[in-house]
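This report concerns only the one structure given below.
All of the numbers you see were taken from the coordinates with simple rules; none came from a lab. All of these numbers come straight from a predicted model, not from anything done at the bench. For neighbour counting, all protein chains shown are included, and Cβ atoms are generated from backbone atoms with ideal geometry for every residue, glycine included.
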Amino acid sequence: MPPLIDTLAEGARVLIVRLRSLGDCVLTTPALSLLKQHRPDLSIGVMVEDRFAQIFEGNPDVASILQPSGGAAAGFRPQLVVNFHGGTRSAMLTALSLAAHRAGFGHFRHSWLYNIRIPRAQEILGEERIVHTAEHLASAMFHLGVPRTEIPRARLSAEPRRAARPYAVIHPTASAASKTWPAERFTALGAHLRDRHGLDPVFIGAPGDDLSPFAGFETLSGAPLRQVKSLLAGAALFVGNDSGPAHMAAAFGVPVVVLYGASDPRIWAPWRTESEVITAPQGLASVPVKLIEDAVDRLQERAR
């Protein structure tokens, strides 16, 4: 019996339910690339919350970006829906699509709504180890019939920002205090980047983030994601806490230094770019400036 992907009609529509959040959306794109590479005729739609929709703008693998609603799901008329989100809302949206094939991981809630239950990534990949998020999502495509191959880098589309001098993007905030390196150490790192490496630091933050400690440098607060994509696409370096912008930078092949507190870098490390990963399960307050400066220096040396 042929794999499911190969039984879909020519030009069939496939809906990916992603919803959120920033890093997850970025790391969904390798799976989309694998699907489109194997079946370029398919019309792929991504259902995602408005605040993250710009992640998928300009992506040649994505034909449609849909708002999360039952009407939008059914109106897209998908032959296959793959739910990558896994919660109650995404399960309902999958069911309301009325698709003939409704796929979700077997461990998802309301698994009875799926007529294709995807096994654990470890079972699909044949490896009993902790898998990266990009591998986890790509494994679903392999289970559905995409041939096993190397999982590509994440894919974002943006026109790189034009700048008179090379610059580094620094993301000093995160979703939780435990994931955030102290602001004064980021300030010291900014001076190191400028004085030793000739990189102008640009500090970025989401709406409501306090960037006042970095007033001596260029800051960008609450910018639309398409502007952040452009900024990251032209950067020479990224440094930040474990958060969505780190995955965006990695998608553009920017060398990155990422600081991890309680989260596991085996699951959330930068995907397929030059990187230095700093782990501090005991808390990021224990990480000295010198350790990050040395990581930056190593990356800059490798870039020469």
Completion exercise
With the label point 7 Å along the Cα-to-beta-carbon line of Leu4 and a cut-off under 11 Å to each amide N, the hits in the stretch 115-156 are 115-119, 140-146
Practice task
Could you list the square roots of 5 times each eigenvalue of the Cα gyration tensor of the stretch 167-303, that is, the equivalent ellipsoid semi-axes, sorted largest first and rounded to whole Å?
Solution key: 18, 17, 16
Handout entry: Dipole of the chain [Lys/Arg +1, Asp/Glu -1 at C-beta], most positive-end residue of Asn241, Ala134, Ser286
Key = Ala134
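Size of the dipole of the stretch 54-130 about the Cα centre, Lys and Arg at +1 and Asp and Glu at -1 on the beta carbon, nothing else charged, in debye to 20?
Numbers: 7 positive and 5 negative charges, 66 e Å.
Taking the Cα centre of the stretch 54-130 as origin, the dipole is about 320 debye.
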Exercise for the section: Give the percent of DSSP beta bridges with both residues in the stretch 4-144 that are antiparallel, rounded to the nearest 5. Expected result: 0
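Arranged from highest to lowest average of other beta-carbon atoms within 10 Å per residue, in what order do the peptides 292-299, 248-255, 216-223 appear?
On the way: 292-299: 17.6, 248-255: 24.1, 216-223: 15.1.
Descending packing order for the listed peptides: 248-255, 292-299, 216-223.
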Exercise for the section: Specify which residue in the list Val254, Val296, Ala121 is farthest towards the positive end of the charge dipole of the chain, using unit charges on the beta carbon of Lys, Arg (+1) and Asp, Glu (-1), about the Cα centre. Expected result: Ala121
Problem - Of Arg129, Arg18, Arg153, the one that fluctuates the most in a GNM where the chain has Cα springs shorter than 10 Å - result: Arg129
Problem - Over the stretch 66-219: Kirkwood hydrodynamic radius from C-alpha pairwise inverse distances, Å - result: 19.5
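Gain in length, Glu127 to Ala262, computed as 0.36 nm per residue apart minus the alpha-carbon separation, to one decimal in nm? Walk me through the intermediate numbers first.
Values: separation 135, 0.36 × 135 = 48.60 nm, distance 2.42 nm.
That works out to 46.2 nm of additional length.
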Completion exercise
Between the residues Leu19, Ala53, Gly70, the Cα farthest towards the positive end of the dipole of the stretch 4-144, that dipole coming from +1 and -1 charges on the beta-carbon of Lys, Arg, Asp and Glu, is from Gly70
Practice task
Quote the charge dipole size of the stretch 50-188 about the Cα centre in Debye, to the nearest 20; the model charges only the Cβ of Lys and Arg (+1) and of Asp and Glu (-1).
Solution key: 220
Practice task
Working from the alpha-carbon coordinates of the stretch 203-249, get Rg over Rh, Rh being the Kirkwood radius.
Solution key: 0.93
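Based on the alpha-carbon gyration tensor of the stretch 51-108 and its eigenvalue square roots a ≥ b ≥ c, which shape applies: rounded if a/c is under 1.5, prolate if not and a/b is larger than b/c, or oblate?
Numbers: a/c = 1.65, a/b = 1.38, b/c = 1.19.
In terms of gyration-tensor shape, prolate.
Is there a quick way to get the dipole size of the chain? I mean about its Cα centre, with the Cβ of Lys and Arg at +1 and of Asp and Glu at -1; what is the value in debye to the nearest 20?
Dipole size: approximately 480 debye.
What is the diffusion coefficient of the stretch 153-233 in µm²/s, taking the Kirkwood radius over Cα pairs and the Stokes-Einstein relation at 4 °C with a viscosity of 1.567 mPa s? List each step's numbers first, then the result.
Numbers: Rh = 13.5 Å.
Value of D from the Cα-based Kirkwood radius: 96 µm²/s.
Could you please tell me the mean projected area of the C-alpha convex hull for the chain, averaged over all directions and given in square nanometres to one decimal?
Details: hull surface 64.2 nm².
Averaged projected hull area, Cα only: 16.0 nm².
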Fill in the blank from the handout: One point scatterer per Cα, no solvent, Debye formula: log10 I(q)/I(0) for the stretch 4-144 at q = 0.13, 0.14 Å⁻¹ comes out as -0.49, -0.57
Fill in the blank from the handout: Of Ser90, Ser275, Ser175, the most mobile residue in a GNM of the chain (C-alpha springs, cutoff 10 Å) is Ser175
Completion exercise
Sorted largest first, the C-alpha extents of the stretch 109-160 along its principal axes in whole angstrom are 45, 26, 21
Practice task
Quickly estimate the mean residue ellipticity at 222 nm for the chain, helices only: each DSSP H run with n ≥ 4 gives -39500 (n - 2.57), and the total goes over all residues, rounded to 500.
Solution key: -10000 deg cm²/dmol
